[in-house]
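Peer 1: Below: one structure in structure tokens.
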Amino acid sequence: MSELDPARLRQLQLVGTLSGFAAGAWLGAAEAPTKLVTLGISPVVISFMMVLGVFLARWSLPALVRGTAALKDDVRQAPHLLVWAALGGCLWAVANTLTIFAIKDIGLAIAFPLWNSNSLLGILWGTALFNELRDAGRVRWAGVLGGAVVMFAGATVLAVTSSAHAPGGNAVRGVVAALTAGALWGTMYIPYRKAYLTGMHPLSFIAFFTIGELGMMTVLALTFLGGPSQLWHELTASRSVLFWLLIAGFVWVVGDLFQQYAAKYIGISRGIPLSNTNQLWGLLWGMLVFGELAGGGRVTVIAGSLLMAAGAGAIAFASAPAREYRRWQEAGARESARYGVDPAYVAARMAGDAGARTRHSPLDWLLLLVATAVFVGSAALARVPALNIGWGWAAALILAILGFLVAGGVALWRTTRFG
């Protein structure tokens, strides 16, 4: 593969870094509706409805932005990625369900940083499997490894604090659930990186990724609740809050899409820790909006979260030099040779080429219509949940994440045309 122009490489890394920050803001906001578990709603129902919202968004957004014809083109180039995408979706569904149990036992503000231990696995897999940090230099290695140590220290502080400030339930069980979710999400990033080293577009990958999510989540829901009739009973009993859970899934997709771009342009060893600044957003939502830790422990939790954020920052800003990017290209060439993908296609997509624009088909408009109808129908049944919510802080945080959406979207369009 030919050398990438240094100016172009800097542009891609800047947009990848901004995407990571935007991902953190939106992924943090997506977890806020999971506080409904404190009202007695089944964690399985919450996770199932979130995944349904994710499914609707992950097919309607690609249909709106690129069209389903573009998805077919990507599949023709790299059909093997359908299997990897479905596998990643299965891991996501299990991990997301575990986070609901963690929130129930130890609260959102504490659970968030614990499951963000997935950053450590992201570094491991990126380095071991995809040539990330190869030829990066001692300073960048020190930034990544030092950041990993600081993140582990922050996670330890939070785990110890959780045993004294759990909101109810089993603190140990909550910690284990959060850490297991982090392990599953960390492993999930292997399909992410394989997809983008092989050239698949992020919007195509997330569409097929969600097939595994919904399939696995349906199996989990039917198993835990005892069959279709019991699942339906739980859903109808919770119909007044289903809209908020669907919206949580939609918000998650926006955050995850930014995370996909971060993984594509700065790698999983840097992009995942950067998107895990969602731990600070989770802390803000938990403490300011829902009043978590009001009885004590705030100073320790804030200190632990800041330690983890500082470690993530050290990792994220150890940007890849040209010689390391060359190693990424070698990994991409290896993937293309292994699966028989056109090397020119791989090289163009790694450089941010969005591919040919396609016209929207009737199927695209049908997908948008169905998704809109589901959201509107659930909104008609929705009621404001009986939670103690700081509406002023909630409005401020919503404005902040909208700002990240605009900034990240504009940067991606100008640099890559959402490529």
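Peer 1: Checking residue 240 against (1) assigned to a helix (DSSP H, G or I); (2) among the small types (Gly, Ala, Ser); (3) at pLDDT 85 or above: exactly one of these is not met. Which one?
Peer 2: For residue 240, the failing item is (1).
Peer 1: Would you mind listing the helices (runs of 4 or more DSSP H) fully within the range 59-163 where at least 3 residues are polar (S, T, N, Q)?
Peer 2: Result: 81-106, 118-130.
Peer 1: For the range 86-96, what are the residues that are farther than 15 Å from residue 205 by Cβ and crowded, with 24+ Cβ neighbours inside 10 Å?
Peer 2: Of everything in the range 86-96, those that are farther than 15 Å from residue 205 by Cβ and crowded, with 24+ Cβ neighbours inside 10 Å turn out to be 93, 96.
Peer 1: Filter the range 61-85 down to the residues that are under 19 Å from the mean Cα position of the chain (by Cα) and open to solvent by less than 10 Å² (accessible area, probe 1.4 Å), then identify the one that is farthest from residue 336 (Cα to Cα).
Peer 2: Among those that are under 19 Å from the mean Cα position of the chain (by Cα) and open to solvent by less than 10 Å² (accessible area, probe 1.4 Å), it is 62.
Peer 1: Confirm whether residue 262 is within 20 Å of the chain's Cα centre (by Cα), crowded, with 22+ Cβ neighbours inside 10 Å and more than 30 Å from residue 381 (Cβ to Cβ).
Peer 2: It is true that residue 262 is within 20 Å of the chain's Cα centre (by Cα), crowded, with 22+ Cβ neighbours inside 10 Å and more than 30 Å from residue 381 (Cβ to Cβ).
Peer 1: While we're looking at this one, here's another question. Do any residues in the range 273-294 that are on the phi > 0 side of the Ramachandran plot have Cβ atoms under 7 Å from those of residues that are open to solvent by less than 10 Å² (accessible area, probe 1.4 Å) and not acidic (Asp, Glu), where the two are at least six apart or on different chains, and which pairs are they?
Peer 2: Every condition considered, the pairs that remain are 293/109; 293/301.
Peer 1: Follow-up question, since we're still on this one. From the list 353, 364, exactly one residue is of a type in the set (Asp, Glu), modelled with pLDDT of 85 or more and under 25 Å from the mean Cα position of the chain (by Cα). Which is it?
Peer 2: Just a single option satisfies the conditions, and that option is 364.
Peer 1: Quick test for you: out of 214, 203, 197, pick the one residue that is in a helix (DSSP H, G or I) and in contact with a Pro (Cβ under 6 Å, 6 or more places away or on another chain).
Peer 2: None of the other options fit; the residue is 203.
Peer 1: Next question. List the pairs whose first member sits in the range 122-143 and is over 20 Å from residue 329 (Cβ atoms) and of a type in the set (A, V, I, L, M, F, W, C), whose second member is open to solvent by 70 Å² or more (accessible area, probe 1.4 Å) and not in a helix (DSSP H, G or I), and whose Cβ atoms are under 7 Å apart, counting only residues at least 6 apart or on separate chains?
Peer 2: none
Peer 1: Of all residues in the range 334-346, which are assigned to a helix (DSSP H, G or I) and open to solvent by 40 Å² or more (accessible area, probe 1.4 Å)?
Peer 2: Of everything in the range 334-346, those that are assigned to a helix (DSSP H, G or I) and open to solvent by 40 Å² or more (accessible area, probe 1.4 Å) turn out to be 334, 337, 338, 339, 343, 344.
Peer 1: Pull up the range 386-402, narrow it to residues that are part of a helix (DSSP H, G or I) and open to solvent by less than 40 Å² (accessible area, probe 1.4 Å), then point me to the one that is farthest from residue 65 (Cα to Cα).
Peer 2: 394
Peer 1: Could you give me the residue pairs with C-beta distances under 6 Å whose first residue belongs to the range 237-258 and is farther than 17 Å from residue 372 by Cβ, whose second residue is among the basic types (Lys, Arg) wherever it lies, and which are 6+ apart or on separate chains?
Peer 2: 240/383
The values are calculated or read from the model by the stated rules, or taken from the named source; none is laboratory data. As the structure is a computational prediction, the values presented were derived from the model and not from experiment. With ideal geometry, Cβ positions are generated from the backbone for all residues, glycine too; neighbour counts draw on all protein chains shown. Just so you know, the surface numbers come from the protein's heavy atoms only, side chains and all, with ligands and any DNA or RNA stripped out. Shrake-Rupley method; radii C 1.70, N 1.55, O 1.52, S 1.80 Å.
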